[in-house]
1. With the requirement that a residue be within 18 Å of Phe98 (Cβ to Cβ) and open to solvent by 40 Å² or more (accessible area, probe 1.4 Å), what does region 266-277 give you?
2. For Arg290, work out the one condition from (1) touching a residue at least 40 places away in the same chain (Cβ under 8 Å); (2) in contact with a Phe, Trp or Tyr (Cβ under 9 Å, 6 or more places away or on another chain); (3) under 24 Å from Phe406 (Cα atoms); (4) open to solvent by 10 Å² or more (accessible area, probe 1.4 Å) it doesn't fulfil.
3. Open to solvent by 10 Å² or more (accessible area, probe 1.4 Å), out of contact with any Lys or Arg (no Cβ under 6 Å at 6 or more places or on another chain), farther than 25 Å from Val155 by Cβ and of a type in the set (Ser, Thr, Tyr), is that true of Ser69?
4. Please determine whether any residue of region 357-368 is in contact (Cβ under 8 Å) with a residue 40 or more places away in the chain, closer than 28 Å to Trp317 by Cβ, surrounded by 14 or more Cβ atoms within 10 Å (Cβ to Cβ) and aromatic (Phe, Trp, Tyr).
5. With Leu85, Leu81 as the choices, which residue is in a helix (DSSP H, G or I), without any contact (Cβ under 8 Å) to a residue 60 or more places away in the chain, touching a helix residue (DSSP H, G or I) at 6+ places or on another chain (Cβ under 6 Å) and surrounded by fewer than 24 Cβ atoms within 10 Å (Cβ to Cβ)?
6. Restricted to region 167-179, and to residues that are assigned to a helix (DSSP H, G or I) and buried (at least 21 other Cβ atoms within 10 Å of the Cβ), which residue is farthest from the chain's Cα centre (by Cα)?
7. Taking Val36 as meeting all but one of (1) open to solvent by 60 Å² or more (accessible area, probe 1.4 Å); (2) among the β-branched types (Val, Ile, Thr); (3) modelled with pLDDT of 95 or more, write down the number of the exception.
8. Give the residue that is nearest to Ser284 (Cα to Cα), with candidates limited to residues of region 369-393 that are open to solvent by 10 Å² or more (accessible area, probe 1.4 Å) and among the small types (Gly, Ala, Ser).
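The values are calculated or read from the model by the stated rules, or taken from the named source; none is laboratory data. Note that the structure is a prediction, hence the values are computed from the model and not measured. Note that we place each Cβ from the backbone using ideal geometry, even for glycine, and neighbour counts take in every protein chain shown. The protein model used for the area step is the full one, side chains on, heavy atoms only, and it has no ligands, DNA or RNA in it. Shrake-Rupley method; radii C 1.70, N 1.55, O 1.52, S 1.80 Å.
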Amino acid sequence: MLNYRRCFFLLCLVCGVLGCSSKGKIIPPAVVEAPVRVSPAVPENVKGVWLTTLSGLDWPTPASSDEPSDERRIALQKQALIDKLDNLVSLGVNTVCFQVKPDGTALYRSALLPWSDVLTGVVGKDPGYDPLAFMLAEGHKRGLRIHAWLNPYRVTSNTQPKTVAALRRTLSASPSSVYALHPEWIRTASDRFVLDPGIPEVRQWITNVVVELINNYAVDGIHFDDYFYYETPASRLQDDATYRQYGQGFVVKGDWRRNNTLLLIEQVSMAIKAVKPQVEFGVSPSGVWRNAENDARGSDTRGGAAYDISYADTRLWVERGLIDYIIPQIYWPFSREIVRYDTLVKWWADVVRPTKTHLYIGIALYKVGVPSQKEPDWARDGGVPELRRQLALNEALPEVKGSVLFREGFLHQPQTVPAVDYLRKHWGKAGLILERGGRNG
């Protein structure tokens, strides 16, 4: 019965992928330059980093995208990525979450998404090479596992007229922006354009994006971040009409929203396992699922909860085995009483213990070395004691299978120099020798 259901789902999925294109016509999978290669084995202890491309925060630099010579631009961007990968290897990093879909555009060749403007400065302009294919070739060559990081619902980072105009111009090209092609799917939330998670066709479109990607590229994982229902009190996602249309059976709108995120995760999970079961699927939600004061099953914290703010029941996804790994973003020190680092790590360890979901912990490298009245430990002695303490706890708990740093760009900042030196000794080859010596002795 399981095989029958999987085959039926795969058939429906293929039909959905072929039927969803920029012009409503069948578009065959894009021909890409990604080589077929054996991926590095899953490490026993993940030492990871997020590499952000949104607005070129980590890569590529805005200066490179402004380069008038295409040949020079490509060379600069490729060399910058090689330099980053070499540095990560020297630090002992073995896993990279590479942001390939920061919004409604892509850093890989797609029949569903236009090229990202971070590469050339123009949405939809072919950069002359395939960044994801290049990353996979260079990363795998160095023994790194590369997880394709996608933001599922974000379409833009702002609502400026020039952004709207740029997206509308893609209608004359293929593929067109989802903003221009399906304006009925678009909402405004947190002062940016987003897709409405309550629309079934939106969830199918996101699933199609994932299937196209894993069919065409030898990625080791598909990674979603924490932006599901992302809104602010001043800029809410206006989905009342969607709720009226699709919310039958849900008295509470919040429950309907949580079910929508569950349906997306379930649909993407099934698609990956049906098409390429060796590809991992993971999510990096807010570190707090729910606070104990709101739910007895929650953590002894008083922080913003993914369940209530993002409408993401991440604990349920773990319990149902819908994701292969989870990376809660535990971006607070041990001394932050309302959201203590150790309290949350141990709570998540308890959650994953009876499941097959791997637990990695997201660490706030961006806070290291930065003075803070509420969290002074990040700056004390360059933040090294706090970082050392966090990694030590992660390594002491058998349920924690690794740590992931946010984000790569902060490995190159003056305030993180002491912490990076520590990482190089602890995670790098010298650190591995010391660890093995200690165990043997």
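1. Listed by number, the list holds a single entry, Lys276.
2. Of the numbered conditions (1) touching a residue at least 40 places away in the same chain (Cβ under 8 Å); (2) in contact with a Phe, Trp or Tyr (Cβ under 9 Å, 6 or more places away or on another chain); (3) under 24 Å from Phe406 (Cα atoms); (4) open to solvent by 10 Å² or more (accessible area, probe 1.4 Å), the odd one out for Arg290 is (1).
3. Working: open to solvent by 10 Å² or more (accessible area, probe 1.4 Å): yes; out of contact with any Lys or Arg (no Cβ under 6 Å at 6 or more places or on another chain): yes; farther than 25 Å from Val155 by Cβ: yes; of a type in the set (Ser, Thr, Tyr): yes.
It is true that Ser69 is open to solvent by 10 Å² or more (accessible area, probe 1.4 Å), out of contact with any Lys or Arg (no Cβ under 6 Å at 6 or more places or on another chain), farther than 25 Å from Val155 by Cβ and of a type in the set (Ser, Thr, Tyr).
4. yes
5. Working: Leu81 fails: touching a helix residue (DSSP H, G or I) at 6+ places or on another chain (Cβ under 6 Å).
Answer to the selection: Leu85.
6. First, pick out the residues of region 167-179 that are assigned to a helix (DSSP H, G or I): 167-172, 178-179.
Pick out the ones that are also buried (at least 21 other Cβ atoms within 10 Å of the Cβ) and you get 167, 170, 178-179.
Details: Leu167: 23, Thr170: 25, Val178: 20, Tyr179: 21 Å.
Here the residue is Thr170.
7. Checking Val36 against (1) open to solvent by 60 Å² or more (accessible area, probe 1.4 Å); (2) among the β-branched types (Val, Ile, Thr); (3) modelled with pLDDT of 95 or more, the one that fails is (3).
8. The selected residue is Ala392.
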